[in-house]
Amino acid sequence: MTHSGLWIPDEHLNANLAGLSTSATIAIQQHCRELAEEGKQVFRLGLGQSPFPVPDLVVKALQENAHQKDYLPVKGLPELRHVLVEHHRKVFGIECGVEDIIVGPGSKELMFILQLVYDGEIIIPMPAWVSYLPQARIVGRPVNTIITTFEHNWKITPDQLESICRLDPRRARLLILNYPSNPTGQTYSKDELEELTLICRKYKMLVLSDEIYAKTTYDQSHESLVTIYPEGTIFSGGLSKWCGAGGWRFGLFVVPSSATWLSDAMATVASETYTSTSAPIQYAAISAFTPHQDLDTYTDRCRDILHVLAKTIMEMLGVLEINVRAPRGGFYVFPDFEPYRERLARAGIFTSKEFCTRLLADTGVAVLPGSDFGRPEIELTTRIAFVDFNGSEALQNYPENGTVDRAFVGGHCSKTIEAVRRIVDWICSF
Ligand SMILES: Cc1ncc(COP(=O)(O)O)c(C=O)c1O
């Protein structure tokens, strides 16, 4: 393209954006789309998008509310926020009021404006979901990371948390905790949360508890941190994962009543930027959070399928000598191929990025490198999102006897199974 007139040098880019590019998960999906357009067979285990359809009754509610056209209150439709209060009390035991709820166009946006309005250090356990760190960078917040290990199931320990707080005990801090975790699939037990709470309480730490995968916890043992540390926890959830509605862009926070100043400040930013969350989506969300047998059945079935698929993938990966923990919820598994380092190095693969690039070129399987989740470049960790299958078809064929088994996922999640088989064969070829 030829330009005439004004020349705008890129030195005018906000320095906080330097080195940042499109979010890794979005970029891999775009790359897969291009490969598919070239006629290549692609297995999309990169972007963490729910394979399941939005439940029928929620779709119907959206259709019926397509005419809703008004700007709505910044924090959300009061009727919806009432429903959310009841829902979170019933499902997670969270005691809150309407004034504690703020909804937004995706929890990602709410997290961004939280980091903008909160003037403190952000603490991020690594590996972590791809957007926390870039968001902190964009708004110019100082970040302290906590490196978790395979040996500790990729979870932070109270000692690790305290060692950061001890350095400057009075500093304002926001810990971002995510469980079940994207990318590791691990989750925290009640005991573990109680231990972490002792430290949080001691140092008056604010916690953003990203529990967006809570309802996918395979054994339904999810405990919300809000019930253990109510005074310091902001709960984050939405429709993207359990309800398959990522593209609808709907998220919510439950903010402790002592921190209404925070949600008020968030609402100020919202009012000056996106104004309010899409009206039809908010009306539809009422039906997604109102008790209904169909929704329970949908959630149970999605969870069952994911659980058996996760177990099947673990069995398949079990033929390799790798470090990998069985997921406890969500749709991710986070293997470390370190034991294959020498063999991979002989083939010119030294980093997780090189690993993923070669895997995609050789097998058509797209996964994301551990380095995208904050792990060291040279570590051979990858995130596999086991979501490339037709979730509608799987739900339609859900066994009448209610027992999902290996044969079921072999038949109805076959593309994902084939992708994992290709990964295993590819590793064995070195
Ligand atoms: C851990 C985690 N938190 C938050 C989000 C953002 O979800 P949304 O903005 O769609 O609510 C995602 C989406 O991938 C995620 O994996």
Only residues that are buried (at least 19 other Cβ atoms within 10 Å of the Cβ), touching a residue at least 24 places away in the same chain (Cβ under 8 Å), among the aliphatic types (A, V, I, L, M) and more than 16 Å from the ligand (Cβ to nearest atom): list them for segment 73-107, please.
VAL74, LEU77, VAL83, ILE94
May I ask you to verify whether LEU198 is over 26 Å from ALA310 (Cβ atoms), touching a residue at least 60 places away in the same chain (Cβ under 8 Å), away from the ligand (no atom under 11 Å from the Cβ) and not aromatic (Phe, Trp, Tyr)?
no
Filter segment 227-242 down to residues that are within 16 Å of the ligand (Cβ to nearest atom) and not aromatic (Phe, Trp, Tyr) and give me whichever is farthest from the chain's Cα centre (by Cα).
THR233
Considering only segment 108-134, state which residues are within 11 Å of the ligand (Cβ to nearest atom) and over 20 Å from LEU368 (Cβ atoms).
GLU109, LEU110, PHE112
Taking GLU272 as the residue in question, decide whether it is surrounded by fewer than 17 Cβ atoms within 10 Å (Cβ to Cβ) and either in contact with a Cys (Cβ under 9 Å, 6 or more places away or on another chain) or under 19 Å from ILE94 (Cα atoms) (or both).
no
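Taken together, the values in this text are just the output of simple stated rules run on the coordinates, not laboratory data. In this text, all values refer to a predicted model and were calculated from it rather than measured experimentally. Cβ coordinates were reconstructed from backbone atoms using ideal geometry, including for glycine residues, and neighbour counts include every protein chain displayed.
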